[in-house]
Amino acid sequence: MTDAPAILARGLSRRFGDQLAVDGLDLEIAPRSIYGFLGPNGCGKTTTVRMLIGLLTPSAGEITVLGHRLPAEAEQLKRRIGYMTQKFSLYEDLTVLENLRFVASVYGLPPREARARIAELLDIYALERLGPQRAGSMSGGQRQRLSLAAATLHRPPLLFLDEPTSAVDPENRRDFWEHLFDLIDTGATILVSTHYMDEAERCHRLAILEAGHKRAEGSPAELMAAMGAHVLEVEGPNLRRVKSTLTALPEVLSAAQLGSRLRVLVRERIDQPVTWLRALPQARVLTEIAQVRPSLEDVFVTCTGQQTGQPTEPEAGHPTEHEAGPDSATVSEPGRGDTRP
Ligand SMILES: Nc1ncnc2c1ncn2[C@@H]1O[C@H](COP(=O)(O)OP(=O)(O)OP(=O)(O)O)[C@@H](O)[C@H]1O
Ligand SMILES: [Mg+2]
């Protein structure tokens, strides 16, 4: 086994007409890990995945995947990866068994080996009873299990999963992720894209993408520790009004209501955020102010400016790649030629 990165990309960019869908992305993805792309619609997740598997030629940049230089060696890479597309891409008119037999034939598995492998996959992904059912009539969760079975049929060491559980309920999503960790246990590497925080939290490492840029990278715990903002939860009457007055302050990055509480992100430069907030006239009505631990969603809001409705200022003291060190969360520097809303 080697510890060379499974995926290495430098300065990866892709332009569609005037639009730069992916803009100078650097990636280094360790083998035998789950790496996530977390980002909103249109941030470039699918475009990046398609470049990393050799389906789309980059406008600029260098890519090495499992030791193969892309796009030149895309053909050699093909048999060593599995790709679960964002949209269901198996045949809806074929049954579960027919779909898997078809995939086995595409990979040239001899009939006896194909039969054994398909039986094994039906067992692993609880599809035995669904063998004769048409794929088009399966539930969202069943389809995803079939898609994962198909993507792993030829035992690829590297898997690309593009929003694999977008139509799956929480329980099935949890089961799906258990399967992913089983695959890691067999030595596989997985790149998964998502816009669900709970999925992102399960990754070993992740990159937060926005508008084709990497805004932050690290393990979920590192990202939360290096977030560069304080998180307060407050209670009291008229929270909608409190929210609008607080978000008007330059020290407040965002505020979002959760039931009867308001979650307020305050810039890190405020030393004592609870004392600071308590002293504000806008906060006089509040009955409770507490500092709480950051969540991944807070990290996302802080480094993308999503949900705030206002631009995210460059923040003094925001950790940069150099300050954070190689093992820490690396939050890319905001405001460097960024085009934020
Ligand atoms: N073939 C294409 N031609 C033109 N523009 C494209 C093409 N593919 C993607 N884009 C544009 O590139 C940007 C990134 O798209 P991409 O599909 O990579 O986003 P995404 O992060 O996967 O979004 P989603 O979460 O909705 O799947 C979008 O603005 C999209 O419109
Ligand atoms: Mg996509």
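The values are calculated or read from the model by the stated rules, or taken from the named source; none is laboratory data. Computed from a predicted structure; not experimentally measured. Heads up, the Cβs are rebuilt from the backbone with ideal geometry, glycines too, and the neighbour counts pull from every protein chain shown.
Put simply, of Leu223, Leu232 the only residue that is buried (at least 23 other Cβ atoms within 10 Å of the Cβ) and assigned to a helix (DSSP H, G or I) is Leu223. Of all residues in segment 182-196, those being among the β-branched types (Val, Ile, Thr) and farther than 11 Å from Pro157 by Cα number 2. Among the residues in segment 63-76, are any within 16 Å of ligand 2 (Cβ to nearest atom), outside any helix (DSSP H, G or I), surrounded by 14 or more Cβ atoms within 10 Å (Cβ to Cβ) and among the small types (Gly, Ala, Ser)? The answer is no, given that none of the residues of segment 63-76 is within 16 Å of ligand 2 (Cβ to nearest atom), outside any helix (DSSP H, G or I), surrounded by 14 or more Cβ atoms within 10 Å (Cβ to Cβ) and among the small types (Gly, Ala, Ser). Can you pull out the residues in segment 96-112 that are surrounded by fewer than 18 Cβ atoms within 10 Å (Cβ to Cβ) and touching a residue at least 40 places away in the same chain (Cβ under 8 Å)? Selection gives Tyr107 alone.
If the condition is being of a type in the set (Gly, Ala, Ser) and within 10 Å of ligand 1 (Cβ to nearest atom), then segment 1-53 contributes Gly17, Ala21, Gly39, Gly42, Gly44.
If you check Glu128, Glu178, which single one turns out to be farther than 20 Å from Arg32 by Cβ and exposed (fewer than 15 other Cβ atoms within 10 Å of the Cβ)?
Numbers: Glu178 fails: farther than 20 Å from Arg32 by Cβ.
Within the list Glu128, Glu178, the selection yields Glu128.
Within segment 6-59, the set of residues being in contact with a strand residue (DSSP E or B) (Cβ under 7 Å, 6 or more places away or on another chain), among the polar types (S, T, N, Q) and within 16 Å of ligand 2 (Cβ to nearest atom) comprises Thr46, Thr47, Thr48.
A single entry from Ala167, Ala207, Ala200 fulfils the requirement of being in contact (Cβ under 8 Å) with a residue 12 or more places away in the chain, within 16 Å of ligand 2 (Cβ to nearest atom) and in a loop (DSSP other than H, G, I, E, B): Ala167. Among residues of segment 40-67 that are under 15 Å from Gly24 (Cβ atoms), those with a Cβ under 7 angstrom from a residue that is surrounded by 15 or more Cβ atoms within 10 Å (Cβ to Cβ) and among the polar types (S, T, N, Q), sequence gap 6+ or separate chain, pair up as Pro58/Ser13; Ser59/Ser13; Ala60/Ser13; Gly61/Ser13. Looking only at segment 22-42, residues that are crowded, with 16+ Cβ neighbours inside 10 Å, at pLDDT 95 or above and in a loop (DSSP other than H, G, I, E, B) come to 3 in all. Residues that are at pLDDT 95 or above and either of a type in the set (S, T, N, Q) or more than 13 Å from the chain's Cα centre (by Cα) (or both) were ranked within segment 188-211; the one that is surrounded by the most Cβ atoms within 10 Å (Cβ to Cβ) is Ser193.
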